[in-house]
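The values are calculated or read from the model by the stated rules, or taken from the named source; none is laboratory data. This is a predicted model, so every value here is computed, not measured. Here the Cβ positions follow ideal geometry from the backbone for every residue, glycine too, while neighbour counts run over all protein chains shown.
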Amino acid sequence: MPKAADEPINIIGKNYLRRQTLFVGFADLLAALFFYLVPESPFDRRLAPVLAAASAMYFCFFVWFECCVKYLHAIVIALSLAGLCVVAFVVHMSGGIASPLVCFYFALLVSEAGYGVTSPITVYAAVISYLCVVLGEAFGFLSVNNALSKAIYENHVVFVFIILTIAMHMIIASYISKQILRKLRSDFAEEQQQTQALLKRFSELDAHSHIGMLAHRMVHDLRNPLASISGYVELERLAPGKDSAQQAMLADLSETVTQISNTLTNITRFGRATESKKQRLFVKDFFNNLISIVSFSKDAAKVRFRRNYPQNRDFCVLAVRQDLQQAYFNILKNALETVKENAGDKTVEISMRSSAGMLEVEIANNGKPIPEEILGKIFKKAVTGKSGGTGVGLLITRDLLAKNDISIEIKNMEVEGVKVITKLPLCGNERQGGENG
């Protein structure tokens, strides 16, 4: 992603620049009137026409702004240089090295950085114009009308100290303001990118809900033909004259039809829209259904799912089914994407254990570990180690789980792989029975 500060002035910068131009034009006009009308002014009255000319320059730029947009970057630099000439004259007319209006140099440098202009010309021009004024006065090329300035010019040590200090602070002010504004623009651009990624992700979630509705309708249309096939198979199995090979073939066909029917049931359960309220969910059934859906993914090819469940126990939790489906679907999908690059064994293991009213579910894989620099901030901001990834999937997963009082932690395995540990509060309605896959 290109740095925002290295890009041409954006729309926000253009609007700011136009308003700032109008403001500076009025400020210069008021200053010109002040120096011209105030009686017994300590400053030279020649400041008035110079400031009036500067005001006219800024007003002309404001009026013809839209015509200048094509060359805006160069025009801003030209305006800055013209502004420096005005500031140099103002500093000379208001006391030279002792002028209180030297602050205009800093205001101009910071303002230019605010417009997003990255040219180094201005800061060096500011230093040179300031040195021309004070050195011109010190060596007698320009008149000196200020007693304090005369005393400073006569003391060479103080004179050198002041000009070096002012010049150094001009350079520092220009550099720091550009760095700060570049960081702010970069952070803003990153937030915009994350916002777009989140919007894209939520649009995908919405698309998934529509796909779920479509799958529900397809399953509904397939159930009757499957029931008919199952019935014909059973009739054939009961018919006389079948040898053992034919009976075995029919038994395999009956089992296949039953598996298809169970899978379709799981698909409808996953895609069904439900109310956003908590309900009792039996965790082993929930994960068995989820695995049957994830198994259809292209990344699940040759992946071995290991179910390390406690035998004869199925834990119950109270949660919003849709939240858990989306969260654990994201976790399993990430696990499949991690192991798909493995040349050998590809394993995703789901383990469960209960303690003190909490159920710990661990989803581990034997893929590549997560780099430590990403692992350390994986839930703090959108980071990703995947090509084309946005990094927002895990943030959404964390929020969906937190909404149901479920914690999540991601760790690298000691040998190889990654494990995701979630802790769910049990609701106490444990069910006996189940299998250890």
- Query: Can we say GLN193 is at negative phi, in a helix (DSSP H, G or I) and at pLDDT below 80?
  - Reply: yes
Within the stretch 150-178, residues being polar (S, T, N, Q) and modelled with pLDDT of 90 or more number 2
Within the stretch 300-347, of all residues that are of a type in the set (Lys, Arg) and either part of a helix (DSSP H, G or I) or modelled with pLDDT under 85 (or both), the one nearest to LEU424 (Cα to Cα) is ARG321
Cβ pairs under 7 Å, 6+ apart or interchain, first in the stretch 325-347 and farther than 13 Å from ALA301 by Cα, second among the polar types (S, T, N, Q) and at pLDDT below 90, ordered by first then second residue, are ALA327/THR397; ASN330/THR397; ILE331/THR397
- Task: Would you mind stating whether LEU72 is of a type outside the set (Gly, Ala, Ser), modelled with pLDDT under 80 and out of contact with any Cys (no Cβ under 6 Å at 6 or more places or on another chain)?
- Result: yes
By residue number, the members of the stretch 278-299 that are out of contact with any strand residue (DSSP E or B) (no Cβ under 7 Å at 6 or more places or on another chain) and assigned to a loop (DSSP other than H, G, I, E, B) are SER295, PHE296, SER297
Criterion first (in a strand (DSSP E or B), at pLDDT 70 or above and not β-branched (Val, Ile, Thr)) does ARG237 satisfy it? no
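Residue by residue, here is whether (1) assigned to a loop (DSSP other than H, G, I, E, B); (2) under 20 Å from VAL127 (Cα atoms); (3) touching a residue at least 40 places away in the same chain (Cβ under 8 Å) holds:
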{"position": "ARG45", "(1), (2), (3)": "yes, no, no"}
{"position": "ALA52", "(1), (2), (3)": "no, no, no"}
{"position": "CYS60", "(1), (2), (3)": "no, no, no"}
{"position": "GLU66", "(1), (2), (3)": "no, no, no"}
{"position": "TYR71", "(1), (2), (3)": "no, no, no"}
{"position": "ALA82", "(1), (2), (3)": "no, yes, no"}
{"position": "LEU101", "(1), (2), (3)": "no, yes, no"}
Taking the stretch 127-170 and keeping only residues that are under 19 Å from LEU101 (Cβ atoms) and of a type outside the set (A, V, I, L, M, F, W, C), one is left with SER129, TYR130, GLY136, GLU137, SER143, ASN145, ASN146, SER149, LYS150, TYR153, THR165, HIS169
Within the stretch 379-419, of all residues that are assigned to a loop (DSSP other than H, G, I, E, B) and within 30 Å of GLN279 (Cβ to Cβ), the one modelled with the lowest pLDDT is VAL392
Note to self: Going residue by residue through the stretch 171-187, is there one that turns out to be buried (at least 19 other Cβ atoms within 10 Å of the Cβ), out of contact with any Leu (no Cβ under 9 Å at 6 or more places or on another chain) and part of a loop (DSSP other than H, G, I, E, B)?
What the structure shows: no
Exercise for the section: Can you confirm whether the stretch 199-208 contains a residue that is at pLDDT 80 or above and assigned to a helix (DSSP H, G or I)? Expected result: no
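Given the condition of a type outside the set (A, V, I, L, M), modelled with pLDDT under 80, buried (at least 19 other Cβ atoms within 10 Å of the Cβ) and under 24 Å from SER351 (Cβ atoms), answer yes or no: does some residue in the stretch 270-277 qualify?
Yes, the conditions are met somewhere in the stretch 270-277.
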Residues of the stretch 52-87 being surrounded by 13 or more Cβ atoms within 10 Å (Cβ to Cβ) and of a type in the set (Phe, Trp, Tyr), in sequence order, are TYR58, PHE59, PHE61, PHE62, PHE65
